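Here's the structure we're looking at; comments come further down.
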Amino acid sequence: MEYQVHKQGKRVFLRPLSLEDSPLVVRWRNNPRVRENYIYREPFTLEGQEAYYRDVIQAGKAVQAVICEKKTGMPAGCCVLNHLDFARKQCEFGFFIGEDSARGKHFSSEAAHLMLDYAFTDLSMTRAYSRIFVFNAPSLKGTGGSGFVIAGRCLKVRCTDGFCSDMYMSECLKDNFYGKQNG
């Protein structure tokens, strides 16, 4: 079962990731600015991204959406919900802005709101969590503005290239998210 995200905001909209987006995702994830914020830091390949799309996205093991600028339709980055646990009603949330020209436009905060709304309403999740390196200020700001709160700190997380850094574990509860939206 492949999930289809269609959400509209004021500045961005989310659309489902497609196989045709693979070259774009590869380019974005190979951008050093993006790559440094992930545990998995090996170069992305077109073949690997296409296999991920077939084996994970089409199989319904994760939900991935492309963040697009509403005014131009330009793809700017991605949001993902993975580790979908329907028994516990929780999932992991992640996002990145891949286009350098889209940085600083507050797309990530709005995209996070839209994707969390999808997780809580369409997927009936009650908790989303995220792992963010302590040095990744834009992601901390983007998730913080969506109702995520820091719940803990993982020490010396080792990346695939050997780099180590602490990560924050943050979470957003459905009740807090909707309370924040209405508050």
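The values are calculated or read from the model by the stated rules, or taken from the named source; none is laboratory data. Small disclaimer: the values here were computed from a predicted structure and weren't measured. When we count neighbours, we look across all protein chains shown, and the Cβ atoms used for this are built from the backbone with ideal geometry, even at glycine. These area figures cover heavy atoms from the full protein model, side chains too; ligands, DNA and RNA do not enter into them. Shrake-Rupley method; radii C 1.70, N 1.55, O 1.52, S 1.80 Å.
Remarks
- Cross-link partners of K70 among lysines (Cα-Cα below 22 Å; sequence separation of 8 or more within a chain): K7, K10, K105, K141
- Accessible area expressed per residue, region 65-108, with surrounding protein chains retained (probe 1.4 Å, Å²): 45 Å²
- Selected from R54, R29, R127 as most flexible by GNM, with the chain as the system and alpha-carbon contacts under 10 Å: R54
- Neighbours of C154, meaning other residues whose beta-carbon lies under 14 angstrom from its beta-carbon, give a summed charge of +1 when Lys and Arg score +1 and Asp and Glu score -1.
- With helices as the sole contributors, the chain gives -7000 deg cm²/dmol at 222 nm; each DSSP H run of n ≥ 4 counts as -39500 (n - 2.57), and the sum is divided by every residue.
- Its Cα centre serving as origin, the chain has a Cβ charge dipole (Lys and Arg +1, Asp and Glu -1) of approximately 540 debye.
- DSSP beta bridges fully contained in the chain are about 90 percent antiparallel.
- Since only C79, M1, V134 are under comparison, the one whose Cα sits farthest along the positive direction of the charge dipole of the chain, derived from C-beta charges on Lys, Arg, Asp and Glu, is V134.
- Counted by Cβ distance under 13 Å from D55, the other residues give a net charge of -1, where Lys and Arg count +1 and Asp and Glu count -1.
- With a cut-off of 15 Å between beta carbons, the residues surrounding R29 carry a summed charge of -4, where Lys and Arg count +1 and Asp and Glu -1.
- What a 1.4 Å probe finds exposed on the chain is 53% carbon and sulfur by accessible area, rounded to a whole percent.
- Modelled FRET efficiency - R0 30 Å, R54 with R131, Cβ distances, 0.05 increments: 0.75
- Using a Förster distance of 22 Å, the FRET efficiency for R41-Q4 (Cβ separation, nearest 0.05): 0.15
- Candidates G145, G73, G60: whichever shows maximal mean-square fluctuation once the chain is modelled as a Gaussian network with Cα springs under 10 Å: G73
- Annotation for R103 and T72: the two label points, set 7 Å from Cα along the Cα-Cβ direction, are 1.6 nm apart.
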